[in-house]
Structures are given as structure tokens and as C-alpha cells.
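Participant: Before I ask anything, let me first share the structure, which is written out below as C-alpha cells.
The values are calculated or read from the model by the stated rules, or taken from the named source; none is laboratory data. Just so it is clear, the structure is predicted and the values come from calculations on it, not from any experiment. Because the Cβ atoms are built from the backbone with ideal geometry, glycine has one as well, and the counts that use them run over all protein chains shown. When the accessible area is computed, the model is the full protein with side chains, heavy atoms only, and any ligands, DNA or RNA have been set aside. Shrake-Rupley method; radii C 1.70, N 1.55, O 1.52, S 1.80 Å.
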Amino acid sequence: KGYEDVHREMGENLKKAQRLKDELLDLLQKDTEAFNDAAQAFKMPKTSEEEKKARVEAIERGLVKASEVPLAVMEKSLEISRLARKVLAKGNKMAITDGAISALFAEAAAIGGMINVRINFSWMKNREYIEKTEKRLGEILQEARAIREEAVASTLKQLGQA
């Protein structure tokens, strides 16, 4: 009661959240596959120059693939942060702590994704890819952090704690 004007919008947000959950679970499986591809590349033979070259190329491809999955997790986490912001702004005030906690978890997931992307950088040779990806990591983390700070501050204020 009292939220009739945003009921439909909140229902759409719930559908988006459920879709994001499913996509994140799918990415969990893809992360395992990407890791396995990179690990197999490191096991390739390297006795001849041709084998060494093929191995280096396979490792690079595997590391890029292994980076793309946690980067996608970061992107999905940012979408969750944005949803949390919407729900906090218009949702049921009895659930404001849930919105703040969602923003906290989303930022933590983005940070975890960043760590998993960066571990691959240590073995990569493609500086251009690293620089481009590093820029995106920073953008995602900056926005997720800002939303989390806003969500926590807003929630504490509404609770009379700030």
C-alpha cells in the first residue's frame, strides 16, 4: 500500500534482477571453461620454434578469454548496482537496507571480477588490450563505488543514523 504508482516499475526491476542472476550463473560456468582453455595453453609443447609460437598465441587467446568472463561479471554487477539505486529511490521503505546491501554486494562482485581480470594481465603480452580493459575496469569500479556510497549514506540517513 502506498507504492501503487511504482508497482509496475518495481516488477520490471525484479525481472531484470532475475535475468541478471541467470546470466551471472551462466558466467560462472563460462569462467571454468575459460580457465581450462588458458591452463591447457600453458601445457602445450615448446620444443620447436613453431611450437613455442603456437603456444604463446594460444596462451594469449586463453588469457583474453579468461579475462572477458570476469569483465562480463563486472558489467553485470554494475547493472545490479544501478537496479539497487532505482529500488532505493522508489521502492518500499521497509526494504531500504536490502537495496543498500545489494549495492554493497554488487561492488564486491565488481572488485572480485577486477582481481580476476588483472591476474591474467600478469602473463599477457598485448599491452593495447590491457590498457583498454584497464580503462573499463576503472570506469566500472568508479561507478559501482559511487552507487554503493550513495546507497549506504541514503539508507543510514533514512534510518536516522547519519
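Participant: Beyond 24 Å between alpha-carbons counts as too far, so tell me which of K16/K65; K46/K135; K90/K157 fall in that bin.
Facilitator: Pairs exceeding 24 Å: K16/K65; K46/K135.
Participant: With all protein chains present, how much of the accessible area of the chain (probe radius 1.4 Å) comes from carbon and sulfur, to the nearest whole percent?
Facilitator: Answer for the chain is 57 percent, counting heavy atoms of protein chains only.
Participant: Could you work out the equivalent-ellipsoid semi-axes for the stretch 55-162, taking the square root of 5 times each eigenvalue of the Cα gyration tensor, largest first, in whole Å?
Facilitator: 35, 11, 9
Participant: Could you order the peptides 63-70, 43-50 from most to least packed, using the average number of other C-beta atoms within 10 Å per residue?
Facilitator: Going by the mean number of other Cβ atoms within 10 Å, highest first, we get 63-70, 43-50.
Participant: Counting Lys +1, Arg +1, Asp -1, Glu -1, what net charge surrounds K46 among other residues with beta carbon under 9 Å of its beta carbon?
Facilitator: Charge balance in the 9 Å sphere: +1.
Participant: Which value, in Å², gives the accessible area per residue of the stretch 117-162 when a 1.4 Å probe is used on the protein heavy atoms?
Facilitator: Numbers: 3050 Å² over 46 residues.
In whole numbers, the stretch 117-162 has 66 Å² accessible per residue.
Participant: In addition: Hey, what do the phi angles of the stretch 32-48 turn into as Karplus ³J(HN,Hα) couplings, whole Hz, using 6.51/-1.76/1.60 and θ = phi - 60°, x for Gly and Pro?
Facilitator: After applying 6.51 cos²θ - 1.76 cosθ + 1.60, I find 4, 5, 5, 4, 4, 4, 5, 4, 5, 5, 5, 8, 5, x, 9, 8, 9 Hz.
Participant: Semi-axes of the stretch 1-103's equivalent ellipsoid from the Cα gyration tensor, sqrt of 5 times each eigenvalue, largest first, rounded to whole Å?
Facilitator: Each semi-axis is √(5λ); the values are 45, 10, 9 Å.
Participant: Can you give the local net charge around K76? Use residues other than it whose beta-carbon is closer than 14 angstrom to its beta-carbon, Lys and Arg +1, Asp and Glu -1.
Facilitator: -3
Participant: Mind checking the per residue accessible area of the stretch 55-96 for me, 1.4 Å probe, whole number of Å²?
Facilitator: Details: 1900 Å² over 42 residues.
So the stretch 55-96 comes to 45 Å² accessible per residue, rounded to a whole number.
Participant: Next question. Rounded to the nearest 500 deg cm²/dmol, what is the calculated helix-only ellipticity per residue at 222 nm for the chain, with -39500 (n - 2.57) per DSSP H run of length n ≥ 4?
Facilitator: Calculated from helices alone, the mean residue ellipticity at 222 nm is -30500 deg cm²/dmol.
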